[in-house]
Amino acid sequence: MADQALKRTPLHGCHAELGAKLVPFAGWEMPVTYEGIREEHAAVRTHAGMFDVSHMGEVEVEGPGALAFLQRVLSNDVAKIEIGGAQYSCLCHEEGGVLDDLFTYRLGGDRYLIVTNSANHDADLAWLGRWSRGFDVAVRDVADRYAMLAVQGPHARAILTGALGIALPARMRVATVRIGNRPALVCGTGYTGEDGVELLIDPEIAPAIWAELLDAGVVPCGLGARDTLRLEVCFHLHGNDLTPERNPIEAGLGWCCAEATGFVGADAVARARREGTAEKLAPFKIEGAGIPREGNPVLAGGEQVGIVTSGTFSPSLELGIGMAYLRADLAEPGNEVEIDVRGKHRPARIASKPLYQRKG
Amino acid sequence: MSDAHYPDDLLYHDQHDWARLEGDEHAVFGITWYAQDSLGEVVFYDAPEVGATISKDSSYAEVESVKAVSDVIAPMSGEIVEVNDSLEDSPEKINEDPYGEGWLVKVKLTQPEERGALLGADEYRKMLEKG
């Protein structure tokens with residue numbers, strides 16, 4: 001690689017000040033934990049935590065052809081997003097494989113914002129640019145315009161309202177507000193299974209907002225807790241549970257695919273839905289000791305029947321959990337399999353989603 | 001978690017393991033402060049069986065944090081005579097008290113002379129400083 005230097009978010013100084021453990025992630029230097037993953041995980045499940053997710057990318061799509069264009073590239077029915085609404089989609093290639101999974105926010109009549117995974121941002125941008133030809137639409141990389149802060153947990157909304165004095169949008173809605181006297185977006189979305197919002201703010205004011213929320217008792221959380229939280233509620237991680245070699249149907253994302261819209265890859269997705277897939281992604285729990293990890297083989301009757309794509313220790317359940325692609329006939333909740341964890345065969349049971357159920 | 005410390009009465013292996021000699025034939029093993037700090041909160045200790053034979057410089061157990069797995073390297077050769085069963089329910093003791101309640105195994109040494117190849121606390125600290 002020509003450029004080995006890790007990128008830093010506008011909040012890098014805040015992380016260093018708190019003594020965060022910083023690691024390279026998708027070309028960025030990101031905090032993996034501050035005080036400990038379990039503590040941060042618990043803060044989000046019971047109180048409020050905040051994550052610097054400024055490494056994520058943003059793409060603005062604007063113009064009279066915005067809806068028609070997005071309908072062509074995104075798997076979901078984009079026409080269903082009202083102004084101020086949000087929607088989850090896959091970005092598929094012609095054979096139906098998943099290039100990325102993303103949220104689309106409708107900011108105005110013909111203005112949308114897409115949030116990309118940082119590792120895919122440049123490729124997504126090139127893909128969107130290529131497919132936008134012939135549509136009356138502008139596709140802009142606006143990643144540098146935003147710092148992104150996810151504030152999540154049962155008390156997140158109350159603390160945010162008090163600290164910033166802003167009205168917050170409902171779940172799956174987006175609001176344009178002013179924070180620190182700058183325009184900002186507040187999105188009723190997240191990646192933790194808890195209530196909360198994601199803030200898209202001016203990078204210049206991000207450290208001040210971070211400090212304000214810290215003072216208000218919001219617990220800083222790193223990518224480590226972000227991963228355990230999302231896996232407990234079976235949210236996919238692109239690069240692990242979703243890849244260009246897997247289609248949304250086998251990934252269990254048929255619900256966000258509207259093949260009738262004719263999106264790129266719709267034919268392949270329709271075929272997979274109609275004919276079924278050889279493998280399916282399924283969540284599982286280890287029964288007893290052992291922590292599954294990405295790449296561990298899944299065994300049944302002594303033969304390999306699948307592979308773990310995400311695995312961790314669940315701080316809420318206090319046991320090993322994961323998601324695996326395995327033979328479709330075995331991917332039913334209740335089924336018993338074994339996970340080959342570095343040579344030790346750990347009994348596991350296929351579970352239903354989510355693995356962790358929010359209380360109340 | 002405690003601050004970095006490396007007791008003077010222990011011997012150290014460069015893979016971040018310690019040995020406390022008990023007489024000429026027995027020793028207690030564990031991982032160093034540095035090892036537990038690098039790993040993060042330990043959530044699982046996969047202990048060896050009592051009676052298992054272990055050899056110097058080879059892995060005899062695994063410790064896992066939420067994010068990572070780490071092999072535990074034997075600082076000396078021997079036979080496991082006791083494992084710290086309390087870590088099954090409280091693996092966090094490895095973080096909280098790596099040289100005390102967080103000990104991993106007791107071993108009957110088969111080659112006690114291997115102690116000569118281990119580092120003293122000063123040497124180990126110097127090795128860490130050099131990175």
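Looking across region A:16-54, the residues that are without any contact (Cβ under 8 Å) to a residue 12 or more places away in the chain and out of contact with any strand residue (DSSP E or B) (no Cβ under 9 Å at 6 or more places or on another chain) come down to A:GLU17, A:GLY36. From the residues in region A:346-360 that are surrounded by fewer than 17 Cβ atoms within 10 Å (Cβ to Cβ) and over 23 Å from the mean Cα position of the chain (by Cα), which one is nearest to the other protein chains (Cβ to nearest Cβ)? This residue is A:PRO347. Select from region B:69-80 the residues that are part of a strand (DSSP E or B), out of contact with any Gly (no Cβ under 8 Å at 6 or more places or on another chain) and away from every other protein chain (no Cβ under 14 Å) and list them in ascending order. Those that are part of a strand (DSSP E or B), out of contact with any Gly (no Cβ under 8 Å at 6 or more places or on another chain) and away from every other protein chain (no Cβ under 14 Å): B:ILE73, B:GLY78.
Summed over region B:110-130, residues that are in a helix (DSSP H, G or I), within 21 Å of B:GLY78 (Cβ to Cβ) and without any contact (Cβ under 8 Å) to a residue 60 or more places away in the chain total 3. Counting only helices (runs of 4 or more DSSP H) wholly contained in region A:1-100, the ones carrying 2 or more residues that are within 14 Å of chain B (Cβ to nearest Cβ) occupy A:37-46. Put simply, of A:THR161, A:THR189 the only residue that is of a type in the set (Ser, Thr, Tyr) and part of a loop (DSSP other than H, G, I, E, B) is A:THR189.
One residue stands out in region B:14-68 among those that are under 16 Å from B:GLY100 (Cα atoms), small (Gly, Ala, Ser) and assigned to a strand (DSSP E or B): the one that is nearest to the other protein chains (Cβ to nearest Cβ), namely B:GLY30.
So for region A:220-229 (the condition being within 17 Å of the chain's Cα centre (by Cα) and surrounded by fewer than 19 Cβ atoms within 10 Å (Cβ to Cβ)), does at least one residue qualify?
If we filter region A:220-229 for residues that are within 17 Å of the chain's Cα centre (by Cα), which is where we start, we get A:221-229.
From the residues that got through so far, the ones that are surrounded by fewer than 19 Cβ atoms within 10 Å (Cβ to Cβ) too are none.
Looking for residues that are within 17 Å of the chain's Cα centre (by Cα) and surrounded by fewer than 19 Cβ atoms within 10 Å (Cβ to Cβ), one finds none in region A:220-229, hence no.
Of the residues making up region A:292-305, just one is within 14 Å of another protein chain (Cβ to nearest Cβ) and surrounded by fewer than 16 Cβ atoms within 10 Å (Cβ to Cβ), namely A:GLY295.
Selection of region B:30-46 for residues being within 13 Å of the chain's Cα centre (by Cα) and among the β-branched types (Val, Ile, Thr) yields B:ILE31, B:THR32. Scanning region A:313-345 for residues that are of a type in the set (Lys, Arg) and within 14 Å of another protein chain (Cβ to nearest Cβ), which turns out nearest to the chain's Cα centre (by Cα)? Among them, the one singled out is A:ARG342. Restricting B:GLU22, B:GLU41, B:GLU64, B:GLU79 to residues that are under 20 Å from A:TYR34 (Cα atoms) and modelled with pLDDT of 95 or more narrows the list to B:GLU64. Note on region B:87-109: residues that are under 15 Å from the mean Cα position of the chain (by Cα), part of a loop (DSSP other than H, G, I, E, B) and not small (Gly, Ala, Ser) amount to 8.
Could you list, in sequence order, the residues of region A:323-343 that are of a type in the set (Gly, Ala, Ser), closer than 16 Å to A:GLU279 by Cα and touching a Ser or Thr at 6+ places or on another chain (Cβ under 9 Å)?
Going residue by residue through region A:323-343, those that are of a type in the set (Gly, Ala, Ser) are A:324, A:328, A:331, A:334, A:343.
So of that shortlist, the ones also closer than 16 Å to A:GLU279 by Cα come out as A:324, A:328, A:331.
Passing the criteria: A:ALA324, A:ALA328.
The values are calculated or read from the model by the stated rules, or taken from the named source; none is laboratory data. Since we're looking at a predicted model, the values are computed, not measured. Heads up, the Cβs are rebuilt from the backbone with ideal geometry, glycines too, and the neighbour counts pull from every protein chain shown.
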